[in-house]
Amino acid sequence: MENPQNVELQNTNEDAKYDLNSILCSQNRDFLVRNDGNQVQVDSLRGKIVGLYFSASWCGPCQRFTPKLVEVYNEILQLSKFEIVFLSADKDNEAFDAYFSKMPWVAVPFSDSKTRERLDETFKVNGIPHLVLLDENGKILTDEGVVVIREYGAEGYPFSPERIQKLKEQEEEAKRNQSLKSLLVSQSRDYVITSDGKKVSIAELEGKTVGLYFASVTYNGCIAFTPKLVEVYKSLREKGENFEIVMIPLDKDEPSFTKEFEKMPWSSLPVKDRCCEKLIRYFELNSLPTLVVIGPDGKTLHSNVAEAIEEHGTKAYPFTPEKFKELEQLEKAKREAQTLESILVSKDCDFVIGKDGIKVPVSDLVGKNILLYFSAHWCPPCRAFLPKLTQSYHEIKENGNSLEVIFISSDRDQSSFDEFFSKMPWLAIPFGDPRKGSLSKLFKVRGIPTVVAIGPSGKTVSTEAGDLIMCHGAKAYPFTNERIKEIEAEYEKMAEGWPKKSSVESHDHELVLTKRQFFNCDGCDEEGRVWSYYCEECDFDLHPKCALEDDCKETKGEAKESEGEEKASAEGWICDGDKCYKE
């Protein structure tokens, strides 16, 4: 057998052609393995479309993608000649075996690290999961197989540019001629199902306003939103409105879905229906819950009215552009009429609390600048932000400014609230107070920590005061647009006279003076803000003092040595949540 290490491999490009024996075999091995230990001759892959799957068990994005690839592989394998070869980036044989046990395809043995490393280099793999698809002759169909599988699944087979182009054209044609049938009907199904098992013809839904409800019964956001949607749906139906909802379930566990679906008054596509994934791609779904509204003519009226329903209920119906303009005018009038009492007083709840539970009337706070601090003890970013907010609060107060902070807790019990609040020098809404929900809804709080600035008039100044404090500290007070513009002008003045570019011995490339919100100086290894001499290609930062005075060459050398050790211990990989990359 020819030694593949002596074969000169071509670079990955659209004209490259690879001999499977040359790239998959080694000097003493002409076979691949299955997870049961059986050997498969590499020669048996000839004439097949082959996917080279670079992946690892420790990689979160790989773990999420592999089940999808298994599903597509099994579907294609029933009809066509197709094989996948797993190329592991695992750290030990035990991890490889555990991960490979979930895969129905073949692999290069874990012991053959040289072949795996050579293939990494040949196919320029700098991030996983990575899937290279080769045609029957060994020519690259695409090195973006992960994207193709995610977007088109088995429909993308045989993954040729012509096939992908055809699918794109079909999608564009479907959008031009969109109808309820084109969205919901498949080759094997022209109906939706009700919670009691009945089949409703999609033809019966035509001519109605239809909401496509993308949801998962186990996702917290959907669990919270579904009761509100049920309320709105029933109310509109009682009023005789021609409105229907079809659920697009994103659940994989059918029993869990069925149990929750029994409580819902609308229809649904079947769980795991192929149409669900098609619609996710078609509407470019990026958040849950999502309620896409299809008008009586079958065209899309709105890409997501979930937030409008949450805020306005039935008043958002029929979800037309005219209706949303009307709602915006109402919101504008509401904002202009906002006072501190209108947002903080609710029935008998007309106070906040200080230390030892002392009640402070909301009326005592009128005319002050107020920060509403949405936070919780269980939230690590909240705990990390608290010292910065506390420091800024004291500095603002010491400067004679009229400021108060009100803690609005998302803690899970009274003791957690008490412990966290004990570290704060300001006021709070009592734990479990119903105003927390109305304030979160009013200011559309989607995550914590969130800080909302209210001006002396009671109107909202900024919903991003937390970011402003992180960037500028006490200087951000009173958090108005005018103040932020003043700070920006100060920063511009700070850099007057500094060269726009700098060259230093510690870095090979020219550095460019760049605004950077936060960075870590690669010279002195200290935190930096606002201005950096930056190399985008290398993601390299230097403080202006380090770049211009060149005071930290020795420190930089030590830092580089330490960094090299760190990279080695981390085995050269970083993960951004979607993909794991080689550094």
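The values are calculated or read from the model by the stated rules, or taken from the named source; none is laboratory data. Please read these numbers as outputs of a predicted model, since none were measured by experiment. So basically every Cβ, Gly included, is an ideal-geometry build from the backbone, and we count neighbours across all protein chains shown. When the accessible area is computed, the model is the full protein with side chains, heavy atoms only, and any ligands, DNA or RNA have been set aside. Shrake-Rupley method; radii C 1.70, N 1.55, O 1.52, S 1.80 Å.
The phi torsions of the stretch 407-424, fed into the Karplus equation with coefficients 6.51, -1.76 and 1.60 and a -60° offset, translate into couplings of 6, 10, 8, 10, 5, 9, 7, 4, 5, 5, 4, 4, 5, 5, 5, 5, 8, 10 Hz, rounded to whole numbers, with Gly and Pro shown as x. Each of Val292, Pro478, Phe54 was scored by the projection of its Cα onto the charge dipole of the chain, and the greatest displacement toward the positive side belongs to Val292; charges sit on the C-beta of Lys, Arg, Asp and Glu. Each stretch of four or more DSSP H residues adds -39500 (n - 2.57); spread over every residue of the chain, this sum gives -11000 deg cm²/dmol at 222 nm. Computed packing ranks the peptides 172-185, 235-248 as 235-248, 172-185, most packed first, by mean other Cβ atoms within 10 Å. Considering only beta bridges that DSSP places wholly inside the chain, some 65 percent are antiparallel. Overall, the accessible surface of the stretch 264-371 at a probe of 1.4 angstrom is composed of carbon and sulfur to the extent of 52 percent. Within the same chain, lysines fewer than 8 places from Lys278 are excluded, and of the rest, those with a Cα less than 24 Å from its Cα are Lys68, Lys166, Lys168, Lys175, Lys181, Lys198, Lys199, Lys208, Lys252, Lys299, Lys579. Per residue, the solvent-accessible area of the chain (1.4 Å probe, heavy atoms of protein chains only, all protein chains present) comes to 52 Å².
Measuring from centroid to centroid over Cα atoms, what is the spacing of the stretch 313-388 and the stretch 70-100 in Å? Cα centroid of the stretch 313-388 versus Cα centroid of the stretch 70-100: 52 Å apart. Of the chymotrypsin sites (Phe, Trp or Tyr not before Pro) found in the stretch 174-225, the ones in coil according to DSSP and having at most 16 other Cβ atoms within 10 Å of their Cβ are Tyr219. Note on Trp378: accessible area is roughly 110 Å² with a 1.4 Å probe, heavy atoms of protein only.
Which percent of the accessible area of the stretch 27-72 is formed by carbon and sulfur heavy atoms (probe 1.4 angstrom)? Carbon and sulfur: 43 percent of the exposed surface of the stretch 27-72. Legend: translational diffusion of the chain by Stokes-Einstein, Rh = Kirkwood radius over C-alpha pairs, 25 °C, 0.890 mPa s; D = 85 µm²/s. Shown in residue order for the stretch 534-539 are the 3J(HN,Hα) couplings computed by the Karplus curve 6.51 cos²θ - 1.76 cosθ + 1.60 at θ = phi - 60°: 10, 10, 5, 4, 9, 6 Hz (x for Gly and Pro). Annotation for the stretch 324-360: trypsin sites (Lys or Arg not before Pro) lying in DSSP loop with at most 16 further Cβ atoms inside 10 Å of their Cβ are Lys347.
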